[in-house]
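The next block holds one structure in the form of structure tokens; read it before the comments.
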Ligand code: NIG
Ligand code: FE
């Protein structure tokens, strides 16, 4: 048994086991001078020190939070965490004035990461991925949704999904796998895009489903990637194989991705920087969760953030995620995302925390196990070195996490 005591604020997010909307997003269910009991990998009891203390036995390991704050581990519901190499060279070019789209048009961008990832072995990808797993954990993230998408051939996509599976077995970080074979058109399929869509539908998806390597399928729906019709075909095929759906929608232009998400009833529509009122209303009627990725807007030097306020006022169950990837969003830091959400999207710190925990867990069908600190849930929790939860978004550019636990075991500790 493990007891955490002396938490100035115990941010439980206790409440209904469903996405929080509207004013509910500001309700964190905070216990002052809180304490928590953990038995094996599950939460046993959550309350004030007075309520919990009588249950702390002699054999219990006691962790004194020293007046810091306790939160559920962040659930990062949109990441691309397995790839080889970096794109620091392109980052420098963009600093010199080149745009993300220009670099992509000349064979850089996603295609450049695909080249290095295809050349890497499974072991090399796991090795690279371990470093990023540690970065996530030390930022206070205990679950990531992890997309493939830098392989773009049957064998290379399978290799990425196997790397994700191994990382889930070999690190304390929890991975939820998503197949994103429709991330870009491979170089050798230029001008034969329809053949690549057939490869995705006829070969890749059946393999991924048969080997049970993914829970979700995602598509990059965008003028320079997959059209509405292609995205619809790929996602419908994925659904017929039993995969749930997510979609990169309206990121670089208004391509109608949000409306497609609503039509297909995907679980999430991600990015949405260019989504319009019609798209937002469609998401609302279909109950699709928007996943907002301000890290990618920031890192691309854009100022077009998605209209989070409008979405919250409409009643959408907003999720925040990092979009960690080597091109458009090279950050694993959820606190950085909380900061951007407040400064650029006018989300309050409480709304942002809800979006990065319980709402994210709902978007991954993990609400019964993750996203809040309540009895019977998995003991994924983080002691942050803050006096008040608002500091998580307010102080930026530093690491707040002091001790990180995944399934009740210490996964990261700062002295
Ligand atoms: O979510 N939009 C497409 N995919 C990523 C970028 C991936 C990359 O640049 O390598 C994104 O922003
Ligand atoms: Fe992405």
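Observations
- The range 162-192: number of residues that are closer than 18 Å to residue 83 by Cβ and in a helix (DSSP H, G or I): 9
- Any hit, the range 99-117, residues being over 17 Å from residue 184 (Cα atoms) and without any contact (Cβ under 8 Å) to a residue 60 or more places away in the chain: yes
Let's see how each residue does on (1) surrounded by fewer than 21 Cβ atoms within 10 Å (Cβ to Cβ); (2) under 24 Å from residue 74 (Cβ atoms); (3) at pLDDT below 95; (4) not assigned by TED's automatic domain parsing to the domain that holds residue 328:
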position	(1), (2), (3), (4)
155	yes, no, no, no
166	yes, yes, no, no
173	no, yes, no, no
177	no, yes, no, no
181	no, no, no, no
210	yes, no, no, no
223	yes, no, yes, no
232	yes, no, no, no
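- Subset of the range 205-228 that is outside any loop (DSSP other than H, G, I, E, B) and within 13 Å of ligand 2 (Cβ to nearest atom) - its residue that is nearest to residue 144 (Cα to Cα): 216
- Of all residues in the range 178-209, those being touching a residue at least 24 places away in the same chain (Cβ under 8 Å), closer than 23 Å to residue 124 by Cβ and out of contact with any strand residue (DSSP E or B) (no Cβ under 6 Å at 6 or more places or on another chain) number 5.
- Test: residue in the range 309-319 that is modelled with pLDDT of 95 or more, within 16 Å of ligand 1 (Cβ to nearest atom), outside any strand (DSSP E or B) and surrounded by 23 or more Cβ atoms within 10 Å (Cβ to Cβ): no
- Highlighted here are the helices (runs of 4 or more DSSP H) found entirely within the range 47-161 that include at least 1 residues which are more than 29 Å from residue 398 (Cβ to Cβ) and out of contact with any helix residue (DSSP H, G or I) (no Cβ under 8 Å at 6 or more places or on another chain): 49-52, 100-105, 110-119, 122-138.
Per-residue answers, yes or no, for (1) buried (at least 24 other Cβ atoms within 10 Å of the Cβ); (2) over 30 Å from residue 216 (Cβ atoms):
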position	(1), (2)
19	no, no
23	no, no
49	no, yes
55	no, yes
58	no, yes
64	no, yes
83	yes, no
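- Within the range 201-220, the set of residues being within 16 Å of ligand 1 (Cβ to nearest atom) and touching a helix residue (DSSP H, G or I) at 6+ places or on another chain (Cβ under 7 Å) comprises 217, 219.
- The listed residues are 57, 34, and the only one of them that is modelled with pLDDT under 95 and assigned by TED's automatic domain parsing to the domain that holds residue 384 turns out to be 57.
- Single match in 61, 48, 12 (criterion: over 28 Å from the mean Cα position of the chain (by Cα) and closer than 24 Å to residue 172 by Cβ): 61
- Residue tally, condition more than 12 Å from ligand 2 (Cβ to nearest atom) and part of a helix (DSSP H, G or I), over the range 268-296: 11
- Among residues that are touching a residue at least 40 places away in the same chain (Cβ under 8 Å), crowded, with 20+ Cβ neighbours inside 10 Å and under 27 Å from residue 99 (Cβ atoms), residue 359 is not included.
- Residue count, the range 229-267 (criterion: within 15 Å of ligand 1 (Cβ to nearest atom), out of contact with any strand residue (DSSP E or B) (no Cβ under 9 Å at 6 or more places or on another chain) and part of a helix (DSSP H, G or I)): 0
- Out of 42, 94, 131, sole residue that is within 27 Å of the chain's Cα centre (by Cα), in the same structural domain as residue 172 (by TED's automatic domain parsing) and in contact (Cβ under 8 Å) with a residue 40 or more places away in the chain: 94
The values are calculated or read from the model by the stated rules, or taken from the named source; none is laboratory data. Note that this is a predicted model, so its numbers are computed, not measured. So basically every Cβ, Gly included, is an ideal-geometry build from the backbone, and we count neighbours across all protein chains shown.
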